[in-house]
Structure formats: structure tokens, C-alpha cells
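In what follows, a single structure is set out as C-alpha cells and then discussed.
The values are calculated or read from the model by the stated rules, or taken from the named source; none is laboratory data. Computed from a predicted model, the values in this text were never measured in an experiment. Here the Cβ positions follow ideal geometry from the backbone for every residue, glycine too, while neighbour counts run over all protein chains shown. Surface areas here come from the heavy atoms of the whole protein model, side chains and all, with no ligands, DNA or RNA. Shrake-Rupley method; radii C 1.70, N 1.55, O 1.52, S 1.80 Å.
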Amino acid sequence: MTLQRGMSTGAGQRWYPWVLLSVIVSLLTACSEAAPPLEQQQIHPVKLVTLDAGREAGLLRYPGVVLASERSALSFRTGGELAELSVSAGDEVKAGDQVARLDDRDAQSQLDNARSSYELAAATHERMRVSLERGAISRSSYDEARAQFLSARANLSQAEDQLSYTVLRAPFDGVIAQVPVDNYQVVGAQQTIAELQQPGSIDVTFQLPEQQVRQIDEQRTDAVRASGTEVAWVEFSHGGKRYPAHYRKHDSSVSEGSLSYEVTLTLPEPEDITVLSGMSTTVLLDMQALTQEQKQAWRVPVSALTTRDEQPEQPVVWRYVADDPEDPQSPGRVEAVTVTPGRVTSRGILVEGDLAVGDRLIAAGTQALQEDLRVQPWVKEQGL
């Protein structure tokens, strides 16, 4: 059936062009109301940082120096020119092994003279003894000869000692830690020729600032020392393996020329690397274990800490909550977590708050965030 303008379509109704226009407008309006604004549909990419397990956040780092627990600075009793240097740093030696030798020509010459004088005095003494028994000489003449004999014997013994002093030997089994002299160098008496350390255990010392020493609780420190709890670790190379150490002691007086105290740690000598006295180290110390403060602290980037306009005095961090906990890259939302900021370190800032291991926090751009904002973890593309 063909419809005509102004004609009835049935049931007394008429079809007008404006009716069709009204229907089209209504449909368009309904579609536009069903679609959310563009900004509500946007999911913002965010950079995340994950909170680590363990006490890593509370560890403080200090430069340290290795000292052998049992060590000896080897030196000559007399001075002279080094004729032979038999060891180098890192060499293993046995008790009695030669470490170094001085030019012994002068000592040998003195020994030869002393031996000649002794032999002459001994022969004279023997003749005078026989003459005294025969009554050919007086007692005083014999006593004079005997005194010369005893003096010559003492001089010979001294010359032999002086010659032996030109050879430096290891007093016990160990490892040569350092050799601070060069061959053919003229050295003085008691000058260190080599440092010998006994294997087994080593000490590491570092300087602890005065304000941190004041925070140490003596009772807690004694308990840690008695239980053998690991509160410190030592790294012998940057980013290398950590070796647990025990807190041994700290000085009761400030180090000269500084406002710090020397702290000594002890640990078994590592078997997988060679550690020598004087080597530099990095000490990681769990200060919380030595103080009364036992709250959990988390290290976060400084850029992760921010405030909100409605509470400008309360610092917060923004935690990412994924829609799908099984998919770490799924979209999600953000929620604010109030925190208490603490010490700033070279690797971030320590905060305390209702956080847990594995929480992922927004690491940058936190000023623009708001509660329940939709976000997507940002993944660095290859080549960028």
C-alpha cells in the first residue's frame, strides 16, 4: 500500500514529516546519553614499583675495611737493604718460611771477626788455665784471660744473632695480606715488611655516626650478640654476594678527627674468594635490630610520595589494585594509603604505613591521581 502526504495510515492516524524527524532525534539522544564522556573511558598508563620482601628497606650502607682477626706485622729487628723479598700479597706461607732477607755482608763480616776473637780468647784461656794449675802464673792473670774469653763468646753469640736477624721468617701458617715495601729498598728496624693474617675469621670495621650510635640499645645489642642473630652483611665487591657477619663491638670513644665511632664486625673467612687485610668493603647494617624501634619500614621512590588537596598535611602513596589479580598487566584502579615518611636515602625514602610485601605503588605522576582512577601498568617497549 502506498502512503500519500496527508493520507490516513489507518485507525484515523495521519503521518507527518516532523514525526519522523522527532523519532530520529530521540534515537540520537538516547545513544549519546548511553555513551560515557571520553575522559571517563580513558585508562591512564602508570609506572609501578613493587615492595620487596625482607629487611632490605631498613638496611644502612657504610664503607668498611677488612682486618684479619689474627694478624701480625712482620718486621726486621735491624735495618738494612732488602736483598730478597720472597712473598707477595695473597701468598700462603708455612711457619718458618722465609719472607724477606737483608743484605747480610756487614753482619757476616762482624760474625767472622767475632769468631776470630773468640777462638783467640778461647786458646789463651786454655793456656792460662794450664799455667795456673802448674803455678806458673798468678790467679789475677788467669782471671783476666777468663774475662776476655767470656766477653769474646758473648760477642760471637751476638754476631750470630745479628746475622740471623737479616732473615725474616713467618711465625705461623697464614696468608700474606700486604707487602708495603719494594725489593732493594733500605728499611729501618721495626718497619713493616709484610702483614701476615691467620686463616679462619676476619674482622671488618666501619665508622658509625654519633647520632646513630646514640640510638643503639645496649640490652638489645647484647641479646643479638648472645643469640648470634644476623644483623649485618658484608659485600666485598659492588653488587656482589653478601656474607653474614656478627656485631662484635663499637668503640666507647669517638674516633679522632670525626664525630663517629668505629664498629667491628666478625665473620668466617669466605672460602670462595680471597680476602686480604686492608681490602675495602660495603657493610649493610640492620639498625632496627639494634634499636628499640621495630616498625616495618618500606623504601619507595621519593616521587611516589605525595599529598591530596583535601588533606595537604597527610602524605600518601597510591597503590595499584588490579581488576584481575592473576594478570599483573590487567587494568585496575588506584587507592590512597596514608604513610609516615622517614629517612631519605640515596635509593629513596623510608615510609611506614599499611603496606605489604608485593604491593605495587605508583612511582611517578602521583600529583594527578585521584581515588578509583582507572589505570594500566606501563610496560617499557623494546628499543625505548
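Miscellaneous remarks
- Filtered residues of region 155-180 (kept if crowded, with 16+ Cβ neighbours inside 10 Å and in a loop (DSSP other than H, G, I, E, B)): Y165, T166, A170, V179
- Among the residues of region 337-364, the ones that are open to solvent by 30 Å² or more (accessible area, probe 1.4 Å) and among the aliphatic types (A, V, I, L, M) come to 4 in all.
- Subset of region 319-348 that is at pLDDT below 85 and either in a strand (DSSP E or B) or within 11 Å of A304 (Cβ to Cβ) (or both) - its residue that is nearest to the chain's Cα centre (by Cα): T345
- S330 being closer than 30 Å to Y62 by Cα and small (G, A, S): no
- Residues satisfying the stated conditions in region 44-89, i.e. in a loop (DSSP other than H, G, I, E, B) and either hydroxyl-bearing (S, T, Y) or modelled with pLDDT of 85 or more (or both): K47, S69, F76, R77, T78, G79, S86, V87, S88, A89
- Among the residues making up region 85-96, those that are surrounded by 15 or more Cβ atoms within 10 Å (Cβ to Cβ) and either in contact (Cβ under 8 Å) with a residue 24 or more places away in the chain or touching a Cys at 6+ places or on another chain (Cβ under 9 Å) (or both) are L85, V87, A89, D91, V93.
- Close pairs (9 angstrom Cβ cut-off, 6 or more residues apart or separate chains): among the acidic types (D, E) in region 152-166, open to solvent by less than 60 Å² (accessible area, probe 1.4 Å) anywhere: E160/L111; E160/A114
- The listed residues are E195, E144, E126, and the only one of them that is under 55 Å from the mean Cα position of the chain (by Cα) and at negative phi turns out to be E195.
- Matching residues, region 196-213, being open to solvent by 10 Å² or more (accessible area, probe 1.4 Å) and among the hydrophobic types (A, V, I, L, M, F, W, C): V213
- Considering region 298-315, and only residues there that are open to solvent by less than 30 Å² (accessible area, probe 1.4 Å) and under 18 Å from P377 (Cβ atoms), the residue that is farthest from the chain's Cα centre (by Cα) turns out to be A304.
- As a summary of the residue check, L265 satisfies the conditions (1) at pLDDT 85 or above; (2) farther than 30 Å from Q219 by Cα; (3) aliphatic (A, V, I, L, M) except for the one numbered (2).
Let's see how each residue does on (1) more than 30 Å from E195 (Cα to Cα); (2) at pLDDT 90 or above; (3) assigned to a loop (DSSP other than H, G, I, E, B); (4) open to solvent by 60 Å² or more (accessible area, probe 1.4 Å):
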{"position": "R225", "(1), (2), (3), (4)": "no, no, no, yes"}
{"position": "S253", "(1), (2), (3), (4)": "no, no, yes, yes"}
{"position": "P270", "(1), (2), (3), (4)": "no, no, yes, no"}
{"position": "A289", "(1), (2), (3), (4)": "yes, no, no, no"}
{"position": "Q292", "(1), (2), (3), (4)": "yes, no, yes, yes"}
{"position": "Q296", "(1), (2), (3), (4)": "yes, no, yes, yes"}
{"position": "V317", "(1), (2), (3), (4)": "yes, yes, no, no"}
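- Qualifying residue in region 206-228 (condition: more than 18 Å from the chain's Cα centre (by Cα) and hydroxyl-bearing (S, T, Y)): yes
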